[in-house]
Structures are given as C-alpha cells and as structure tokens.
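The values are calculated or read from the model by the stated rules, or taken from the named source; none is laboratory data. Since the model is a prediction, treat every value here as computed from it, not as a measurement. Quick reminder, even Gly has a Cβ in these numbers, built from the backbone with ideal geometry, and neighbours come from all protein chains shown. Side chains included, ligands, DNA and RNA excluded: accessible areas come from the protein's heavy atoms. Shrake-Rupley method; radii C 1.70, N 1.55, O 1.52, S 1.80 Å.
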Amino acid sequence: MKEIRTIIVDDEPLARRGLRQLIEPHSDLKIIAEARNGIEAITAVRTMKPDLMFLDVQMPEPDGFGVLKEIWSENMPLVVFVTAYDDFAVRAFDAHALDYLVKPLQGARFDDAVERVRSRIRSKEALLMSNRLASLLGEQNSANATKRLVVPTASGEMLLDTTEIDWIEADDYYAAIHVGPRRHLIRESLASLEHRLAGDRFLRTHRSAIVNMDRVGEMRMESGEMVLVL
C-alpha cells in the first residue's frame, strides 16, 4: 500500500495527540501537518495536498463543514469527521465524508475507518488504472520501430524482439522477462526498462511489474483492486 499523506485538524491539543497515537500503528499513514482551526486546515490542504484529513466538526470559524465548503474540488482529500457529538452524522455524510468518528475515539472503530480509507484509495487507483488500460488497449499499433533487448543465454547473448515479451517482473537486482514458458534474467531495473520501452505497448502496472498490453485478455476488479489476466 502506498503512503497515505495525512493531516489532523482539531482545536484541542489533547485530541490531536490522541489521533497521533491512534495513527502511529498504521505505518502507511504519514502525518504531514496538523491544524488548530479551520483557516489553518484550508491552508494545509491547499499547500500540502494530503490524501486524508481527520477533521473536527466544532472549531473556531470556519467549522469543519465550512472547511469542506471552502476546499471543495476534485482534489479534495478523503475526510473522516471527528467530533464529541453524533448529532452531525447526517450532515457529515451529506458533505461526502468517508467516515464519522465520535470522541472518545475507540481503537477498533478507528482501525475500521482507516481500512475504509485504504479500500477507497485502492478503488480510486484501480479506476485510474482501468481508464489508462482501456485507453492503451484502444490505441492503434505504435508507429515506432520495434525495439529489441539483449538477453544473456547459456551460449552467449540473444536479441529479443519486445513484441515477444508477455510481461516483466522485478527479481532482486534483476528483471525477469517472461516470453511464453521461458524466463530471461537481465541485470537492469524496471525503471530503466520502463523508460526504454516508452512508446511501445508496455505499461508499469505495479511497482514490480511491466505488462505488454497486447497480451491482456481480461481486466476485472477483485477486492477493490484491478487484476489483469494475460
């Protein structure tokens, strides 16, 4: 799971400390800012562009709902409202908050909210990937000349047409190139190969995988993640 850049917004120091303690066990949540009021929260969102915001409802003007009204945009972070009262729950979800926590915060309930955040982020990433894949699969064949890679063999070296490659995976300091039942190891990073194959029909679908889009036979969603079937 990628790093989730997080800000805490609450006018009470003890409440901010409590949130920090609850966040600490979740290694993928990185606190990048804290805000004591609505104005500081708006500034933090606009300048730091977090992925997630734990937002207190009742603060000096603007309150939590005022903050959302001010920063509303396509790039608004996921919001989990935090408050001492549950009277605002309906308004919170009407404001498109992902979750709503009532103080004093309980560890198990907080963990549930974090898992909802992770699930939503995975779904958003999968949707972006799906759109990217659909675009690539709908394109005409590249006009670029076919590239070839040099791969070592037992007797020397072989020139491999990239059109033969099914997919490439990271393998420690090497890259494993899959061509049908064969697997060729070359000492090169995926980042380097991704750059070299730019313009061909290859896509970095994961930090440890590059896929030849001509080999994709099916795209499907599983547990909020995009799965490619070659």
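Worth a mention:
- Restricting the range 1-22 to residues that are in a helix (DSSP H, G or I) and in contact (Cβ under 8 Å) with a residue 60 or more places away in the chain, the residue that is surrounded by the most Cβ atoms within 10 Å (Cβ to Cβ): 19
- Taken over the range 175-219, residues that are open to solvent by 60 Å² or more (accessible area, probe 1.4 Å) and either touching a Pro at 6+ places or on another chain (Cβ under 6 Å) or part of a strand (DSSP E or B) (or both) amount to 8.
- Output for the range 151-162, where each listed residue is over 33 Å from the mean Cα position of the chain (by Cα) and loosely packed, with under 13 Cβ neighbours inside 10 Å: 152, 153, 154, 155, 156, 157, 158, 159
- Taking the criterion of being surrounded by fewer than 17 Cβ atoms within 10 Å (Cβ to Cβ) and farther than 22 Å from residue 86 by Cβ, the residues of the range 33-60 that qualify are 39, 43, 46, 47, 48, 49.
- Residues that are in a helix (DSSP H, G or I) and within 16 Å of residue 50 (Cα to Cα) were ranked within the range 65-77; the one that is most open to solvent (accessible area, probe 1.4 Å) is 70.
- Test: residue in the range 163-174 that is out of contact with any Leu (no Cβ under 8 Å at 6 or more places or on another chain), open to solvent by 60 Å² or more (accessible area, probe 1.4 Å), closer than 22 Å to residue 125 by Cβ and without any contact (Cβ under 8 Å) to a residue 40 or more places away in the chain: no
- Within the range 23-32, being assigned to a strand (DSSP E or B) and open to solvent by less than 40 Å² (accessible area, probe 1.4 Å) holds for 29, 32.
- Breaking point among (1) buried (at least 19 other Cβ atoms within 10 Å of the Cβ); (2) at pLDDT 95 or above; (3) more than 27 Å from residue 225 (Cα to Cα), for residue 83: (2)
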